[in-house]
Amino acid sequence: MKIGVFDSGLGGLAIAGAIMRRLPQYDYLYLGDTKRVPYGGRSQETIHEFTSQALTYLFSHDCQLIILACNTASAESLRKSQQEYLPRHYPDRRVLGVIIPTAEAACEGGGSENIGVLATASTVESGAYLRELKRQNADAEVSQVAAPLLVPLLENQGRKYLAPVLEDYIKPLLEHGVNKIVLGCTHYCLLKEDIREMTTVKVISQDEVVPAKLADYLSRHPEIESQLSRRGSREYHVTDITNGYQQLAREMSGEAIELIKVVLT
Ligand code: DGL
């Protein structure tokens, strides 16, 4: 059986690619809901509805374990998926999100932390990062900034407009004295070096964190790992294809990949 990786669109390819490089032996099925991206400004109800459809698709295509690479889906749907969807539909399979491993990585080392989070509006409003960071380190100070313009800029060849927008989003975090910035959105992996150039604080980027956490999870869960097939195959399914998406997929994953259009029900 495969490892499924779900994202609202193609940003998750940055995280999926990093996972595949760290754990190349397994078979992967990536699903990007390009027809309905972005999820970041939608309601919790809608995000959970879309995520449940994605889970059904990936589980019915032989996935044993699904990673919600999408922070917005992780924030708004993971808990409900684990507590309601899985027991009802696929009790022997697993869904993992990216917020808990990211929060763990941000709090490693303990001590007094002042952590800033950049994320979509839905993720910020959900309070998921606040909750998880506090769970890891009750003394941590956490401030969040919603950065709704970053995804559209990255998706529309808007890099040349990025600098002032990014500075504006990061400024309140730096004024708040953060010593770490968590990039709480798939797409922001592409901005990690830009942000590192702009500040001296530690930048936590999910492509650098999630693969090792998944490897650790699999080593602690042989009942799941033993179900995974090892042919090293990769498939990339999306709910809409345009020339722009093909180009974005190349940019996000760093290589030419074949996108296949599918329908979610
Ligand atoms: N994948 C989303 C996330 O990580 C960003 C794009 C969207 O808003 O759907 O939050």
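Observations
- The C-beta contact set for the stretch 131-152 (first residue without any contact (Cβ under 8 Å) to a residue 40 or more places away in the chain and open to solvent by 30 Å² or more (accessible area, probe 1.4 Å), second residue of a type in the set (Ser, Thr, Tyr) and in a loop (DSSP other than H, G, I, E, B), distance under 9 angstrom, 6+ apart or interchain) comprises Asp139/Ser112; Glu141/Ser112; Ala146/Thr120.
- The stretch 250-265 residues that are of a type in the set (Val, Ile, Thr), paired with ones that are assigned to a helix (DSSP H, G or I) (beta carbon under 6 Å, 6 or more apart): Ile257/Ala249
- Condition broken by Ala249, with the remaining ones in (1) at pLDDT 95 or above; (2) in contact with a strand residue (DSSP E or B) (Cβ under 9 Å, 6 or more places away or on another chain); (3) within 16 Å of the ligand (Cβ to nearest atom) satisfied: (1)
- Inside the stretch 99-123, residues that are free of Cβ contacts under 8 Å to residues at least 60 places away in the same chain and open to solvent by 30 Å² or more (accessible area, probe 1.4 Å) make up a count of 6.
- Applying the criterion of at least 3 residues that are within 22 Å of Gly127 (Cβ to Cβ) to the helices (runs of 4 or more DSSP H) found wholly in the stretch 5-94 leaves 44-60, 71-80.
- Taking the conditions (1) open to solvent by 60 Å² or more (accessible area, probe 1.4 Å); (2) over 22 Å from Gly232 (Cβ atoms) in turn, Glu76 satisfies each one other than (1).
- A Cβ distance below 7 Å, combined with a sequence gap of six or more or placement on separate chains, defines the contacts here; from the stretch 159-170, residues that are touching a residue at least 40 places away in the same chain (Cβ under 8 Å) reach residues that are open to solvent by 30 Å² or more (accessible area, probe 1.4 Å) and part of a helix (DSSP H, G or I) in the pairs Ile170/Met198.
- Only one entry of Ile47, Ile3 meets the criterion of being buried (at least 22 other Cβ atoms within 10 Å of the Cβ) and under 19 Å from Asp92 (Cα atoms), and that entry is Ile3.
Residues are listed down the side, and each one gets a yes or a no for (1) on the phi > 0 side of the Ramachandran plot; (2) free of Cβ contacts under 8 Å to residues at least 40 places away in the same chain:
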residue: Gly177; (1), (2): yes, no
residue: Gly184; (1), (2): no, no
residue: Tyr188; (1), (2): no, no
residue: Gln206; (1), (2): no, no
residue: Val210; (1), (2): no, no
residue: Arg220; (1), (2): no, yes
residue: Ser229; (1), (2): no, no
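The values are calculated or read from the model by the stated rules, or taken from the named source; none is laboratory data. Because the structure is predicted, anything quoted here is derived from the model rather than measured. Ideal geometry is used to build each Cβ from the backbone, glycine not excepted, and the neighbour counts take in all protein chains shown. Ligands, DNA and RNA are excluded from the accessible area calculation, which covers all protein heavy atoms including side chains. Shrake-Rupley method; radii C 1.70, N 1.55, O 1.52, S 1.80 Å.
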